[in-house]
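Participant: There's a structure below that I have some questions on.
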Amino acid sequence: MPRPIQAQIDLSALVHNLNVARQYAPNAHLMAIIKANAYGHGLLHTAQALKEADAFALLELDAAISLREAGYRQPILLLEGFFTTQELALFEQYQLSAVVHHNEQVIMLSTSKQQGLNIFLKINTGMNRLGLSPEQFPKTLETLTTLRSIRHITLMTHFANADDVTDNKSFTQQLQCFNRLTTELTQPRSLANSAAIMRYPETHADWIRPGIMLYGASPFADKTAKELNLKPVMTLSSNIIAIHHLKKGSSVGYGGLFIADKPTKIGIVACGYADGYPRHAPTNTPVLVSNQRSKILGRISMDMLAVDLTNIKNAQLNSPVTLWGKGLPIEEVAKSAGTISYELLCALSPRVEKIVQPV
Ligand SMILES: Cc1ncc(COP(=O)(O)O)c(C=O)c1O
């Protein structure tokens, strides 16, 4: 018998969430973000469920090549572009598109023998991560339009705060900056991540770039995935593998962080930080045991964690436990652990078996 932990991947939820993204921006093309092994969900079956997307984006070259080799014909964008001139041959061979975000890449393109490359020229409108400065942008665009290596240019930027309802100001500044630089230009444009897709229709432009919403999680602190009509794709579950009856004053786990203040029935679950569950999730982080809400007790260890069974009806050895997903929004777990759903999804360990539920 394998360890009982598993991640169910519901491909019909992916299809549903893709349709939700389309409904928000019916006139835009949709580029599905499937970097980091499709946010931890597994690349190829995720791509298969999202096969109606107009393009894919990721940043791992080997994953992009494996998508091409699997037969996907839509544009595949590498979000950090290329790092060396040598890589450009692979971009040409596999017809991959590249984000161009600094002038060293422009120099590589100008000396390259490759032809017919499609690029997304990224402007740093205020996030200060990747992108040309607004001052560099016009000249660089002019240079790029003269290069034989380039067939097609799309203009893009990325928002730092589209998810943050308390900070509309920096979002507006970024949008204004991008519009000021690009509205007079003829190239297609791309700005919107999930938060912007759902909250700011004025950002939809030619290409939307949904990531987290496809996986059924909310990018917003003030709105749940359910309220946004998104369905969770990944459900992480396991079983109770041991039960203990604690006397008042007994402690649980490394560091004895939880001390029972009354007789307490606890269950040990086969799930720990080596599976991707966050070690910093404190006592009281929610879990479901046999579909009833309960909570983590004490410190998460590498392979196990403890849950409170005191008020759980019929809790016994092998009772099913949901760590997140259907019935328990991942955002709740992330919030309790002081992180975001993105990090929990991406951190799912390769040792956790994925059970893919077809469309
Ligand atoms: C350039 C770019 N576009 C779009 C996305 C998708 O963002 P989200 O998952 O918030 O929709 C990301 C993800 O970080 C990104 O880096």
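The values are calculated or read from the model by the stated rules, or taken from the named source; none is laboratory data. Since we're looking at a predicted model, the values are computed, not measured. As a convention, Cβ positions derive from the backbone with ideal geometry for all residues, glycine included, and neighbour counts pool all protein chains shown.
Yes/no matrix, rows are residues, columns are (1) away from the ligand (no atom under 16 Å from the Cβ); (2) in the same structural domain as S66 (by TED's automatic domain parsing); (3) without any contact (Cβ under 8 Å) to a residue 12 or more places away in the chain; (4) in contact with a Pro (Cβ under 6 Å, 6 or more places away or on another chain):
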{"position": "L78", "(1), (2), (3), (4)": "no, yes, no, no"}
{"position": "F83", "(1), (2), (3), (4)": "yes, yes, yes, no"}
{"position": "Q86", "(1), (2), (3), (4)": "yes, yes, yes, no"}
{"position": "L96", "(1), (2), (3), (4)": "no, yes, no, no"}
{"position": "H102", "(1), (2), (3), (4)": "no, yes, no, no"}
{"position": "V106", "(1), (2), (3), (4)": "yes, yes, no, no"}
{"position": "L130", "(1), (2), (3), (4)": "no, yes, no, no"}
{"position": "Q136", "(1), (2), (3), (4)": "yes, yes, no, no"}
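Participant: Assess whether A55 counts as being more than 16 Å from the chain's Cα centre (by Cα) and within 23 Å of S218 (Cβ to Cβ).
Facilitator: No, not satisfied.
Participant: Now for a separate question. Residues that are within 16 Å of the ligand (Cβ to nearest atom): which strands (runs of 3 or more DSSP E) entirely in the stretch 299-359 hold 1 or more of them?
Facilitator: none
Participant: Can we say L175 is at negative phi, among the hydrophobic types (A, V, I, L, M, F, W, C) and free of Cβ contacts under 8 Å to residues at least 24 places away in the same chain? Show your work before the answer.
Facilitator: Details: at negative phi: yes; among the hydrophobic types (A, V, I, L, M, F, W, C): yes; free of Cβ contacts under 8 Å to residues at least 24 places away in the same chain: no.
Criteria not met by L175.
Participant: State all residues of the stretch 101-122 that are in a strand (DSSP E or B) and under 22 Å from the mean Cα position of the chain (by Cα); if no residue qualifies, say none.
Facilitator: F120, K122
Participant: Within the stretch 178-202, which residues are under 25 Å from I119 (Cα atoms), among the hydrophobic types (A, V, I, L, M, F, W, C) and within 16 Å of the ligand (Cβ to nearest atom)?
Facilitator: F178, L191, A192, A195, A196, I197, listed by residue number.
Participant: Any residue in the stretch 294-307 that is crowded, with 24+ Cβ neighbours inside 10 Å sitting within a Cβ distance under 8 Å of a residue that is at pLDDT 95 or above and polar (S, T, N, Q)? List the pairs, counting only those 6 or more apart or interchain.
Facilitator: Qualifying pairs under 8 Å: I296/T283; I296/N284; I296/T285; L297/T264; L297/T283; V307/S294.
Participant: Check K231 against each of (1) touching a His at 6+ places or on another chain (Cβ under 7 Å); (2) more than 30 Å from V20 (Cα to Cα) and name the one condition it does not meet.
Facilitator: Tallying (1) touching a His at 6+ places or on another chain (Cβ under 7 Å); (2) more than 30 Å from V20 (Cα to Cα), K231 fails exactly one: (2).
Participant: Something else: So H152 ticks every box in (1) in a loop (DSSP other than H, G, I, E, B); (2) exposed (fewer than 15 other Cβ atoms within 10 Å of the Cβ); (3) touching a strand residue (DSSP E or B) at 6+ places or on another chain (Cβ under 9 Å) but one. Which box is left unticked?
Facilitator: The failed condition is (1).
Participant: Conditions first: (1) under 25 Å from L345 (Cα atoms); (2) more than 15 Å from the ligand (Cβ to nearest atom). T157 passes all but one, so which condition is the exception?
Facilitator: (2)
Participant: Just the residues that are within 13 Å of the ligand (Cβ to nearest atom), out of contact with any Phe, Trp or Tyr (no Cβ under 7 Å at 6 or more places or on another chain) and not basic (K, R), please, taken from the stretch 18-52.
Facilitator: Across the stretch 18-52, the qualifying residues are L18, V20, A21, Y24, A25, L30, I33, A36, A38, G40.
Participant: Can you tell me which condition V287 does not meet? The list is (1) assigned to a loop (DSSP other than H, G, I, E, B); (2) buried (at least 20 other Cβ atoms within 10 Å of the Cβ), and all the others hold.
Facilitator: (1)
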